[in-house]
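For reference, the structure is listed below as structure tokens.
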Amino acid sequence: MLATDAIISRVMLAFILAVGGGIVSASVSLSHVRLCRLISFAAGTLLGVTLFSIVPESYEAMTLWQLALALVSGYLVFSLISKYVFHVCPACAASHFDHATMHRFSEIATAMIVALAVHSTMDGLALAAGHEAEMGGELDASILLAICVHKVSVGLALGALLLGAVFRRSVAIAWVAAVESTTLLGGALGIWMLPQVSGLWLDALLAHVGGGFLFLAIHAVFGELLKHRKRLVLASFFAGTGIILALKIVLQFV
């Protein structure tokens, strides 16, 4: 029961932060430079949690080719969805949304909902898997921090996209909440499914999630590099990566 309560609290926090980001972007004029800093920072945390937490944790139970296969599978799933359905993350693709795209929102709404639902479900599942794999440990804390930071940037970007599509503020916030509610679904799936999963498959799932995180991180930072000063983007990106590494080092001594 304690594990279930912890997972519920984690996915609820991620959901609330995403909706909070939507509320902020729907209520306050947010410059793209500020959003760029947060997107790049969030991308860095996703890279950091993959390199410093997920990969070492999974490699302890998997061979190198198994780990590589799981990482590639996660990367490919998000890549294929972004290519053939819709950008899997509005924050990671914020630089690609021009005014014409935003005003054609009714035409792309279904594809966007499908893509973001998959993304958010994986976020919830990652929170559950991280906690299940290492109760209260460094991996759990790293995934929680990375996803929470990422969720704020997702909420901000999605809210801005919906406002650009000429939605009222209340409707834009409702859309953000509806899309991000699939994070709760991912957490529920994790609570139901993961206790029955063996250690090897749990590590494989974490590596698969890590592959998705790699796609989000790479896609986000290159998207921002095309639109903003490289120094600003890279400084924020490596700050995000560094904070995950620092968290890992600190928690090893706690």
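None of the figures in this text is laboratory data; all of them are computed from the coordinates on show. All figures in this text were calculated on a predicted structure; none of them were measured in a lab. Don't worry about glycine lacking a Cβ; one is built from the backbone with ideal geometry, like all the others, and counts go over all protein chains shown.
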task = With +1 on each Lys and Arg Cβ and -1 on each Asp and Glu Cβ, and nothing else charged, work out how big the dipole of the chain is about its Cα centre, in Debye to the nearest 20.
result = 1080 debye
task = Could you tell me how many degrees, from 0 to 90 and to the nearest 10, lie between the Cα long axis of helix 105-133 and the main elongation axis, the longest principal axis, of the Cα atoms of the chain?
result = 20 degrees
task = Please give, to one decimal in nm, the separation of the simple spin-label points placed at Thr4 and Arg231, each 7 Å out from Cα toward the Cβ.
result = 5.4 nm
message = Taking 51 Å as R0, compute the FRET efficiency from the Cβ-Cβ separation of Ile16 and Val72 and round it to 0.05.
response = 0.95
ask   = For the pair Thr110 and Ser31, what calculated FRET efficiency results from E = 1/(1 + (r/R0)^6), where r is the Cβ-Cβ distance and R0 = 51 Å, to the nearest 0.05?
value = 0.95
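Please get the size of the charge dipole for the range 167-254, origin at its Cα centre, with Cβ charges of +1 on Lys and Arg and -1 on Asp and Glu, quoted in debye to the nearest 20. Intermediate results must be reported in sequence, preceding the final value.
Values: 7 positive and 3 negative charges, 110 e Å.
Using only the charged Cβ atoms, the result is roughly 520 debye.
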remark   = Mean separation of Cα contacts under 8 Å (at least 6 apart) over the residue count of the chain, i.e. the relative contact order in percent, is 44 percent
message = Between Tyr59 and Leu251, how high is the FRET efficiency from 1/(1 + (r/R0)^6) when r is the Cβ-Cβ distance and R₀ = 22 Å? Nearest 0.05.
response = 0.75
C-alpha long axis of helix 138-164 to longest principal axis of the chain, angle in ° = 10 degrees
message = Just to confirm the number: angle between the C-alpha axis of helix 2-27 and the first principal axis of the chain, 0 to 90 degrees, nearest 10?
response = 20 degrees
note = Rounded to one decimal in nm, the spacing of the 7 Å Cα→Cβ label points at Leu189 and Ile218 is 2.3 nm
key: Spin-label model distance (nm) - Trp201 vs Arg169, 7 Å beyond Cα toward Cβ   = 4.8 nm
message = Tell me the mean residue ellipticity at 222 nm calculated for the chain from its helices only (DSSP H runs of n ≥ 4, each -39500 (n - 2.57), averaged over every residue, nearest 500).
response = -27500 deg cm²/dmol
